[in-house]
Amino acid sequence: MRFKERNKKILTLLIFFLTISSGSCVEASSRSHISKSKIIPAEVSFYEQVLPSLAGKSVVLVTNPSGIGRHPEKILKEFKDKKVKIKHLIGLEHGFLGLEEDFSKSPVTMDETFQLPIYHIYKVKNSEIPAILKGADAVVFDVVDMGMRCYTYLSVLKRLMDNLPDPNTKFILLDHPNPALYLGARGEGIQKKFLNFAGEFPSLFFTGMTLGEAAAFYNGEYLGGKVKLDIISPENLKRGFDWEREGIAWSTPSPNLPMLDSARNYLGLVLLEGVNVSVGRGTQAPFVYFGAPWMNEPEDIINELNEDSKGDYYYQSVFFKPVFGPFKGEICRGLRLTVVNRKYDPIRMAYNLTTIMKKKYKDFKWRQYADGSHNIDFLWGTEKFRESVDAGLTYEQFKATYAESESSTNKLIQKYLIY
């Protein structure tokens, strides 16, 4: 009897340790070290092969810390060694170092690191861009984008491609994966009256493309192929990649997307910028926290939201106090979003979240500009998101209104897909 009991205990312990070991293996395999990644970033080919081919040439450089701009000392050394002259820099929304919250007040400033002029495209008229690019043998463009129309880096790409004064100027783009690539082209196109710097690229809300693919699409469909486009692709990148398991490092494209989790949340929570809430800008968790001083008892909607999530994400209640942006210095109540399914539907999440908040809170309002227009319409591209929420349409009914556009757009972009 004792022998049987002892064997039973041994078997129980063995099962326990095997379970722990198995759990550890699963946990360990969910995130790979970057040293084990088989995906080789585009900058490797750029420095080894492309840059030497530019010897004796003059370039305009567009980058920030999400690209080669994270190592300015290397840029200075390598460009000098290869005898490539940087004519000047192009400034993106958050500045060359990616630290600025606000747009530059001047169209051109002097960059302290490079001691070169940096032209802030959002402050420059389109008619002035050809003069800025004149004399350059190449434009080198290297940033991470979000795979969304409502992201200003895509607008900068379009404006530069539109205004190249010399057809012989090369446009060299270092490509990257983006957090929205799994979605394909999704949402609606943008109506002319809603074009703005954070939304002027001719795509659906989610482009369904990397930045390189988007450049090829725009060049082919809108510019007649006139731009001498050279896309430097990451080696071994496949469309169905898993960010963590592939060991791909996240490079921060802006101060409000410091982590991959923030970026994933941004895909849906960016639409809350069309509502009178804070989306966590000016807190330790941008695009993770969201709420407002009027959002009392947020626990009341957590169960409904979590049930609606179908296990793809969940919400918890939080307090926060932004140091800038909406409700600066005020204590806000709200929710914290945690995405569980890395391939969730961010449009569904944003639509149902907005619908439930509007139903629950009498202080809920669509954010409006001074002329009475609605911020959400500029983000989404049409009035349909706002009007569908106000009309009480379900997400499925709302989605059906643009399903045909999604289908035709996904067919259109197929020939430009690289990965």
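Given the condition hydrophobic (A, V, I, L, M, F, W, C) and closer than 25 Å to GLY187 by Cβ, answer yes or no: does some residue in the stretch 315-337 qualify? Checking the stretch 315-337: at least one residue is hydrophobic (A, V, I, L, M, F, W, C) and closer than 25 Å to GLY187 by Cβ. So is GLU235 assigned by the TED database to the domain that holds LEU160, open to solvent by 20 Å² or more (accessible area, probe 1.4 Å) and out of contact with any strand residue (DSSP E or B) (no Cβ under 9 Å at 6 or more places or on another chain) or not? For GLU235, the condition - assigned by the TED database to the domain that holds LEU160, open to solvent by 20 Å² or more (accessible area, probe 1.4 Å) and out of contact with any strand residue (DSSP E or B) (no Cβ under 9 Å at 6 or more places or on another chain) - is not met. Scan the stretch 243-280 for residues that are in contact with an Asp or Glu (Cβ under 8 Å, 6 or more places away or on another chain), without any contact (Cβ under 8 Å) to a residue 60 or more places away in the chain and open to solvent by 10 Å² or more (accessible area, probe 1.4 Å) and the total you get is 0.
Taken together, the residues in the stretch 362-400 that are assigned to a loop (DSSP other than H, G, I, E, B) and in contact (Cβ under 8 Å) with a residue 60 or more places away in the chain amount to 6. Could you please find all residues in the stretch 334-378 being in contact with a strand residue (DSSP E or B) (Cβ under 9 Å, 6 or more places away or on another chain) and closer than 18 Å to LEU183 by Cα? Passing the criteria: VAL339, VAL340, ASN341, TYR344, ASP345, PRO346, ILE347, MET349.
Residue by residue through the stretch 57-77, note down the ones that are of a type in the set (Lys, Arg) and part of a helix (DSSP H, G or I). Steps first, answer last, please.
Here is the first cut: in the stretch 57-77, the ones of a type in the set (Lys, Arg) are 57, 70, 74, 77.
Across the stretch 57-77, the qualifying residues are ARG70, LYS74, LYS77.
Residues satisfying the criterion are present in the stretch 32-43 (criterion: at pLDDT 95 or above, in a helix (DSSP H, G or I) and within 31 Å of the chain's Cα centre (by Cα)). Surrounded by fewer than 21 Cβ atoms within 10 Å (Cβ to Cβ), in a strand (DSSP E or B) and at negative phi: does that describe THR109? Answer is yes for this residue. Scanning the stretch 168-198 for residues being more than 15 Å from ILE231 (Cα to Cα) and modelled with pLDDT of 95 or more gives a total of 19.
Taking the stretch 308-361 as the range and being assigned to a loop (DSSP other than H, G, I, E, B) and open to solvent by 80 Å² or more (accessible area, probe 1.4 Å) as the test, the residues that pass are LYS310, LYS321, VAL323, LYS328, GLU330, ILE331, VAL340, LYS343.
List the helices (runs of 4 or more DSSP H) that sit entirely inside the stretch 113-227 and contain at least 1 residues that are at negative phi and touching a Lys or Arg at 6+ places or on another chain (Cβ under 7 Å). If you could, list the steps in order and put the result at the bottom.
Working: elements: 129-133, 152-162, 211-222.
Where helices (runs of 4 or more DSSP H) fall fully within the stretch 113-227 and carry at least 1 residues being at negative phi and touching a Lys or Arg at 6+ places or on another chain (Cβ under 7 Å), they are 129-133, 211-222.
Test TRP294 against the stated conditions and say whether it is of a type outside the set (Lys, Arg) and within 16 Å of the chain's Cα centre (by Cα). Walk me through how you get there before you give the answer.
Numbers: of a type outside the set (Lys, Arg): yes; within 16 Å of the chain's Cα centre (by Cα): no.
No, not satisfied.
Please verify whether the stretch 297-312 includes one or more residues that are in contact with an Asp or Glu (Cβ under 7 Å, 6 or more places away or on another chain) and in the same structural domain as ASP345 (by the TED database). There is no residue in the stretch 297-312 that is in contact with an Asp or Glu (Cβ under 7 Å, 6 or more places away or on another chain) and in the same structural domain as ASP345 (by the TED database).
Within the stretch 387-399, identify whether any single residue is open to solvent by less than 20 Å² (accessible area, probe 1.4 Å), farther than 30 Å from ILE231 by Cα, of a type in the set (Phe, Trp, Tyr) and not assigned by the TED database to the domain that holds SER278, and answer yes or no. Lay out the reasoning, then the answer.
Within the stretch 387-399, the subset open to solvent by less than 20 Å² (accessible area, probe 1.4 Å) is 388-389, 395, 398.
The next check asks that each one be farther than 30 Å from ILE231 by Cα; those that pass are 388-389, 395, 398.
If we keep only those that are of a type in the set (Phe, Trp, Tyr) too, we end up with 395, 398.
When the remaining residues are screened for being not assigned by the TED database to the domain that holds SER278, the result is 395, 398.
Taking every residue of the stretch 387-399 in turn, at least one turns out to be open to solvent by less than 20 Å² (accessible area, probe 1.4 Å), farther than 30 Å from ILE231 by Cα, of a type in the set (Phe, Trp, Tyr) and not assigned by the TED database to the domain that holds SER278.
Contact map, the stretch 159-170: residues that are among the β-branched types (Val, Ile, Thr) paired with residues that are open to solvent by less than 60 Å² (accessible area, probe 1.4 Å), Cβ distance under 6 Å, separation 6+ or inter-chain. Pairs shown: THR169/ALA136.
The values are calculated or read from the model by the stated rules, or taken from the named source; none is laboratory data. Quick caveat, the model's predicted, so the values are computed rather than measured. Quick reminder, even Gly has a Cβ in these numbers, built from the backbone with ideal geometry, and neighbours come from all protein chains shown. Accessible surface areas use protein heavy atoms only, side chains included; no ligands, DNA or RNA. Shrake-Rupley method; radii C 1.70, N 1.55, O 1.52, S 1.80 Å.
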